[in-house]
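Everything on this sheet refers to the single structure shown next.
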Amino acid sequence: MTDFVKAAAFAAKTSLAAKGIKVQHGIALEVVAAFLGYKTYAAFVVEERREDLKHHLADAEVIVLDYQGGVSRLAELEVLQAFIVQEFIDAIASCRDGVFSDLPEFLDGYIQQELRDVILSDEGVIAAAGSEPFSVELEEGRSFSEPLWGASDTWEVSGFGTVHGMDDRADPDDEDLEPADSIRCFGWVKFSKAGRSGLKFQRSGGESL
């Protein structure tokens, strides 16, 4: 997967050069590695060579960039500017699919839908609702098993919500229709780690509380 990092570094360097900003290839490699969750490019290379790890970055289904890590590394290397940050993010995203620019984007764009789906399809939730639930309102905030980029083998995210059991298409004027109680619920999604920023879906679950 070092080729992917080299390609992203080259893409960022080339794009910046077209705007009149010269960034050395070595610095570009360091910045890309930082966005991928590594302190240095050397640390990335060492981890990619570890045969004891079950998964590496190439096995990742999605990559969640360490936005703050990348920004901090740019500052350390004295090349921090807002548009340069975006150039590196765009360069990484252009080199492979499934790249999220930061954790909030991943939570909003992937995890939220996964939690909704797994909660609404859970047999226990359906039984508690008395019928197939039609919506779940997720609460703000998520819990994590540990910080994403520091996790080694697996990483889990979870959240709470409220399920509504009555079909919203039912006739509101029907006096014989009793509204279903709202049901508090819980969902979780577990991933295998693939590199510091890479994730590979493992399993998910939901339940009524």
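One line per residue, one yes/no per condition, for (1) part of a helix (DSSP H, G or I); (2) surrounded by fewer than 17 Cβ atoms within 10 Å (Cβ to Cβ); (3) in contact with a Lys or Arg (Cβ under 6 Å, 6 or more places away or on another chain):
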residue	(1), (2), (3)
GLY69	yes, no, no
ALA75	yes, yes, no
ASP108	yes, yes, no
GLN113	yes, yes, no
ALA127	yes, yes, no
GLU132	no, yes, no
GLU137	no, yes, no
VAL163	no, no, no
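Within this structure, PHE44 passes the test of being surrounded by 19 or more Cβ atoms within 10 Å (Cβ to Cβ), of a type outside the set (S, T, N, Q), more than 17 Å from the chain's Cα centre (by Cα) and within 15 Å of TRP149 (Cα to Cα). Residues that are surrounded by 20 or more Cβ atoms within 10 Å (Cβ to Cβ) and either within 18 Å of SER72 (Cβ to Cβ) or charged (D, E, K, R) (or both) within region 9-23 comprise ALA9, ALA12, LYS13, VAL23, listed in sequence order.
Of all the criteria given as (1) surrounded by 13 or more Cβ atoms within 10 Å (Cβ to Cβ); (2) aromatic (Phe, Trp, Tyr); (3) over 19 Å from ARG184 (Cβ atoms), the one not satisfied by PHE83 is (1). The single residue among ASP66, ASP90 that is at pLDDT 95 or above, closer than 16 Å to GLY150 by Cβ and of a type in the set (D, E, K, R) turns out to be ASP66.
Within region 24-32, does at least one residue satisfy the condition of being out of contact with any strand residue (DSSP E or B) (no Cβ under 8 Å at 6 or more places or on another chain), surrounded by fewer than 16 Cβ atoms within 10 Å (Cβ to Cβ) and either in contact (Cβ under 8 Å) with a residue 24 or more places away in the chain or within 26 Å of SER152 (Cα to Cα) (or both)? Among the residues of region 24-32, not one is out of contact with any strand residue (DSSP E or B) (no Cβ under 8 Å at 6 or more places or on another chain), surrounded by fewer than 16 Cβ atoms within 10 Å (Cβ to Cβ) and either in contact (Cβ under 8 Å) with a residue 24 or more places away in the chain or within 26 Å of SER152 (Cα to Cα) (or both), which makes the answer no.
Taking the criterion of being within 15 Å of VAL32 (Cβ to Cβ), in contact with a Ser or Thr (Cβ under 8 Å, 6 or more places away or on another chain) and not small (Gly, Ala, Ser), the residues of region 54-103 that qualify are LEU57, ILE63, VAL64, LEU65, ASP66, TYR67, GLU87, ILE89, ASP90.
The set of residues in region 193-204 being surrounded by fewer than 18 Cβ atoms within 10 Å (Cβ to Cβ) and either among the polar types (S, T, N, Q) or at pLDDT below 95 (or both) consists of GLN202 alone. Are any of the residues in region 63-70 under 30 Å from THR14 (Cα atoms) and small (Gly, Ala, Ser)? Taking every residue of region 63-70 in turn, at least one turns out to be under 30 Å from THR14 (Cα atoms) and small (Gly, Ala, Ser).
The values are calculated or read from the model by the stated rules, or taken from the named source; none is laboratory data. All of these numbers come straight from a predicted model, not from anything done at the bench. Glycine gets a Cβ as well: all are built from the backbone with ideal geometry, and neighbour counts include every protein chain shown.
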